[in-house]
Amino acid sequence: MSDARDGRADDARTVGGEESDGSTSGDRLVGRGIDRREDAELLTGRATYTDDISSDAAHLAFVRSSVGHGRIESIDASEAEEMGGVLGVYAWADLDASPSPGVLPIRTESLDCEVPGHPVLARERVRYEGQPVAAVVAEDRYVARDAVEAVDVEYESLPAVVDPAEATADGAPTLYETAPDNVALDAELGDAAATEEAFSAADRVVELELVNNRLIASALEPRAALARYDADTERFTVEMTSQSPHGHRGKLAETLGVSESRVRVIVPRVGGGFGHKGHHHPGEAMAAWCARELGRPVKWTATRSENYREGAHARDHRTSAELAVDDDGTVRGLRVDTRAAVGGYGLGGGASMPGWYGRLLSSQYRIPAIHCRTRAVFTNTAPVHSYRGAGRPEAIYVTERLMDAAADELGVDPVGLRRRNLIAPEEFPYETAVGASYDSGDYETALDEVLDAIGYDELRERAGEPGDDGRYRGVSVACFTESTGGGFERGVVRVRRDGSVAVYAGTHSHGQGHETTYAQLVADELGVPYDDVEVVEGDTDDTPDGTGTFGSRSTVTGGSAVVESARDVLRAARGVAADRLGVDAADVVSEAGEFRVVGRPERSVSFADAARAAETTDDGASEKGEGDGVAFEASTRYEPDGTAYAFGTHAALVAVDGETGAVEIERYVAVDDCGERVNPTIVEGQVHGGVAQGIGQARSEGAAYDDDGRLLTDSMLSYALPRATSLPDIETRATVTPSPRNPIGAKGIGEAGTIAAPPTVVNAVVDALSPFGIEHVDMPLTEENVLDAIRTAEDEV
Ligand code: MCN
């Protein structure tokens, strides 16, 4: 661990491994790995998810495009309309005739072309297989599905293009007349001239052509909505799967053509999201539209294959990347040209936008010149959107693969090459060549920690040669940084007369455990028992405006908002306590739920007594009084002072069977630094989940379309998610380098594993395959792909 610090992040600590039990630091709850309070309900099956909500709802089902690209010639719904139990069959013409725009809004201002938003039901043209073309509402879901089968749609098929690189080639089929080259956005980041200069001056240039495979978000619970419309108040209530209740309220209002005040979004328990439940899809909006049309609640629940067809999908980059490096291992420049699919409709998803992608390309290194060109490209595929990591895994994959390729080219150890170029602790805050301002970091400590944990030196000596079992061993590391936090959140802390506390937040936990961690944060600030703090998320009528849970932002942004509110509440309570004690507030200290007079600790008032007293007092900024049962309340709109950059270094040991191409990950060690950890057990859980997903991308997952735009991987039989048996025991350790940019000192952790795992695994497998002269294998590293690479290499010898 390095001890040179700049005073802002002056206590990097290493914790974890076998010794880590997440144990308490004093009486504080923050830093303790207490069990998640939400788990009893979730694990015993008592939790209520959207589809569990019983009602007299009618059921909505979609007729979806069977072609990847085409024009709708006719829709014949006569047979479906006559089926018993069918309440209505709708197509674009019905939406068009209604007061609702019926289009999912997209952020066209960031695009280089004018394109329409995604129509809830296709308007003349379909641009991906699975796009909703017509909607059927029936008394029950089985009738609705039967009626879907009875709707006859004729298409004029158009040529399709599914690969983002092919979509930009001359003569490729075009999705929009306004974007003849299929490019939705062509953006540059960094200084092209300075990068050119760096490349000319460098001793060597290393190049890689990389495919970042297309993924599909596979949350256990598919998307669902139950919509009601109250004709008296002209108000929609939509219970739905969401990561962003207020975001969905705004988007639903736009699609329905009403003001936000006419939409209430309620989010019950959500069975995972991984990004795709933050995005606006047709199903939820159509359920709301039908509820108003029919004057009856309408429920929609996606089937697994609908969820796979409609997306959102993720990644799908084709990248040409070059690293300029001197013979002594000094990296001089990085140049990247990426074509990223956006699917049939431009969503503005973070994955393809330069901000989230290009800005991370510097990883942990001092790279003086970087230039990144990103083209976001329309393809006849499901829309691509943010998925756990959202742009950052794609960026880190590029840099970390190049570092290994450069080490190979120079004939040096990949760890040594990385170490030489790491940004040093005293250089923070550090401005990268692509405009990211890193807040704090101690990268070398994380690197040393992971090397020690995996026993790198010894493994390195054995790598490359077949072991006694005939398999080839490879060992790797990959470093990463991750932008976390950002945007704004509001947090409300309300203290009732009995001293109990309710925390309201605009974020929404869908597996992350906010009910536990926000309660830890607020209980500590107020010095009240943890069990007295209740956390409420997920109802736009009850919770303050918020941005939502994605981008590993909830702790940094939402957590800080509730901490700031708790501090305001504490100030108000101290004022009341001081009144009761007959002293100035400045002479009162708060300790573990007691307000004590400085120097006279026997004179005290408890927090609960101050809350009771507040009701009969009417001064104090946050003090409510007035007999409404609320003693104190504070609301904070919090925006962090810049991004908190989490980081870490992961390492893997793999064994590859040269005869079959089978890869086994024998060891996987993750060292992560998310600043102050509110709950180390939850943090570890997040790392485990993220690494599992990252290994899924590296080893088996990959959405495949045929040339006509038909999805070949439309179920879990064909889309190969990782299984327990394909995952190693994930060993976790941590370093702690607080962020100076928020009151908690935290950085996000929710996506770290998905960022680090793909390059860690691919680097290890390529290392194992080095005896064959193999320099790169694209993900997923299935047996077939690995064997292909070996055969091709052998043929070339
Ligand atoms: N935490 C902590 N200390 C820190 C940072 C985080 O104790 N320094 C805790 C938090 O308080 C929270 C959890 O770790 O309980 C994750 O926090 P954070 O990193 O702030 O991320 P968010 O809560 O904003 O969650 C979003 C992130 C993203 S972007 C995806 S995608 C994702 C993920 O979290 N999807 C998930 N984790 C998931 N976990 C589950 N089970 N299901 C998903 O769909």
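Here the chain has 44 percent of its accessible surface on carbon and sulfur atoms, given a 1.4 Å probe and all protein chains in place. Taking 0.36 nm per residue of separation and subtracting the current Cα-Cα distance, fully stretching the chain between S74 and D56 would add 3.2 nm. Between the stretch 481-514 and the stretch 244-310, what's the alpha-carbon centroid distance in Å? The distance from the Cα centre of the stretch 481-514 to that of the stretch 244-310 comes to 23 Å. Label point of R46 set 7 angstrom out along Cα-Cβ; within the stretch 525-543, amide nitrogens under 20 Å from it belong to 530-537.
The mean sequence distance of close C-alpha pairs (under 8 Å, at least 6 residues apart), as a share of the length of the stretch 486-638, puts its relative contact order at 32 percent.
Scalar couplings 3J(HN,Hα) for the stretch 118-124, obtained by applying the Karplus form with A = 6.51, B = -1.76, C = 1.60 to θ = phi - 60°, are 7, x, 4, 10, 4, 10, 6 Hz; x denotes Gly and Pro.
Between the amide H of R223 and those of A302, distances stay under 5 Å, these residues lying 5 or more places away or on another chain, with hydrogens modeled in the peptide plane.
Over the Cα atoms of the stretch 26-73, compute the convex hull volume and normalise it per residue, giving Å³. Don't jump to the answer; show the numbers that get you there.
Details: hull volume 10.3 nm³, N = 48.
Taking the convex hull of the Cα positions in the stretch 26-73, it is 214 Å³ per residue.
Just add up the charged neighbours of G88: K/R +1, D/E -1, any other residue whose Cβ is under 11 Å from the Cβ of G88. Its environment carries a net charge of -2.
At a threshold of 8 angstrom on Cα-Cα distance, excluding pairs fewer than six apart, so keeping six or more, what relative contact order does the chain reach in percent? Working shown, then result.
Numbers: 2101 pairs, mean separation 127.9, N = 797.
Answer for the chain is 16 percent.
With N the number of residues in the chain, Rg(Cα) / (2.2 N^0.38 Å) evaluates to 0.99.
In this label model, M716 and A97 are separated by 4.2 nm, measuring between points 7 Å along each Cα→Cβ vector. Here the stretch 699-766 is treated as a sphere whose radius is the Kirkwood value from Cα pairs; by Stokes-Einstein at 4 °C and 1.567 mPa s it diffuses with a coefficient of 82 µm²/s.
With a 10 Å radius around each residue's Cβ, average the other Cβ atoms per peptide and rank 131-137, 716-722, 183-189, 488-494, highest first.
131-137, 488-494, 183-189, 716-722
What is the gain in length, in nm to one decimal, between D328 and D788 on full extension, counting 0.36 nm per residue of separation less the C-alpha to C-alpha distance?
Numbers: separation 460, 0.36 × 460 = 165.60 nm, distance 3.44 nm.
Using 0.36 nm per residue and subtracting the Cα-Cα distance, I get 162.2 nm.
Among the protein heavy atoms, those of F550 account for about 80 Å² of accessible surface (1.4 Å probe, every chain in place).
For R667, the residues 5 or more places off, or on other chains, whose built amide H falls under 5 Å of its own are L653.
Under the simplified labelling scheme, the E196-A586 pair shows an inter-label distance of 6.3 nm, with each label point 7 Å from Cα along Cα→Cβ.
Rounded to the nearest 0.05, what FRET efficiency do L294 and E154 give with R0 = 25 Å and r taken as the Cβ-Cβ distance? Could you check?
Working: r = 27 Å, r/R0 = 1.09.
Efficiency at R0 = 25 Å is approximately 0.35.
Please report the base-10 log of the normalised intensity I(q)/I(0) for the stretch 486-638, using a Debye sum with one equal scatterer per alpha carbon and no solvent, at each q in 0.13, 0.14, 0.16, 0.20 (1/Å). Debye intensities relative to I(0), on a log10 scale: -0.55, -0.63, -0.79, -1.11.
Run lengths n ≥ 4 of DSSP H only: what is the helix-derived mean residue ellipticity at 222 nm for the chain, with -39500 (n - 2.57) per run over all residues, to the nearest 500?
-8000 deg cm²/dmol
For T178 and R571, a Förster radius of 56 Å and the Cβ-Cβ distance give a FRET efficiency of 0.50, rounded to the nearest 0.05. Derived scalar couplings between HN and Hα for the stretch 631-640 equal 8, 9, 8, 9, 10, 10, 9, 10, 10, x Hz in order, rounded to whole Hz, by the Karplus curve 6.51 cos²θ - 1.76 cosθ + 1.60 (θ = phi - 60°), x for Gly and Pro. Note on the chain: lysine pairs with Cα distance below 23 Å, sequence gap of 8 or more or different chains, count 4. Our estimate of slack between D541 and D707, defined as 0.36 nm per intervening residue step minus the Cα-Cα distance, is 55.1 nm.
Backbone amide hydrogens, once placed in the peptide plane, bring G485 within less than 5 Å of R553, G748, excluding anything fewer than 5 places away on its chain.
On the beta carbon distance between D337 and R637, with R0 = 35 Å, the FRET formula returns roughly 0.30.
Based on protein heavy atoms only, the chain ends up with 36 Å² per residue of surface accessible to a 1.4 Å probe. Rounded to the nearest whole Hz, the Karplus-based 3J(HN,Hα) values (6.51 cos²θ - 1.76 cosθ + 1.60, θ = phi - 60°) of the stretch 207-212 follow the sequence 10, 9, 9, 10, 10, 9, with x at glycine and proline.
Ranked by the mean number of other Cβ atoms within 10 Å of their residues, highest first, the peptides 257-263, 690-696, 766-772 come out as 690-696, 766-772, 257-263.
The values are calculated or read from the model by the stated rules, or taken from the named source; none is laboratory data. Bear in mind the structure is a predicted one, so any value in this text is a computation, not a measurement. Virtual Cβ from ideal backbone geometry, glycine too; neighbours counted across all protein chains shown. SASA here: full protein model, heavy atoms, side chains in, ligands and nucleic acids out. Shrake-Rupley method; radii C 1.70, N 1.55, O 1.52, S 1.80 Å.
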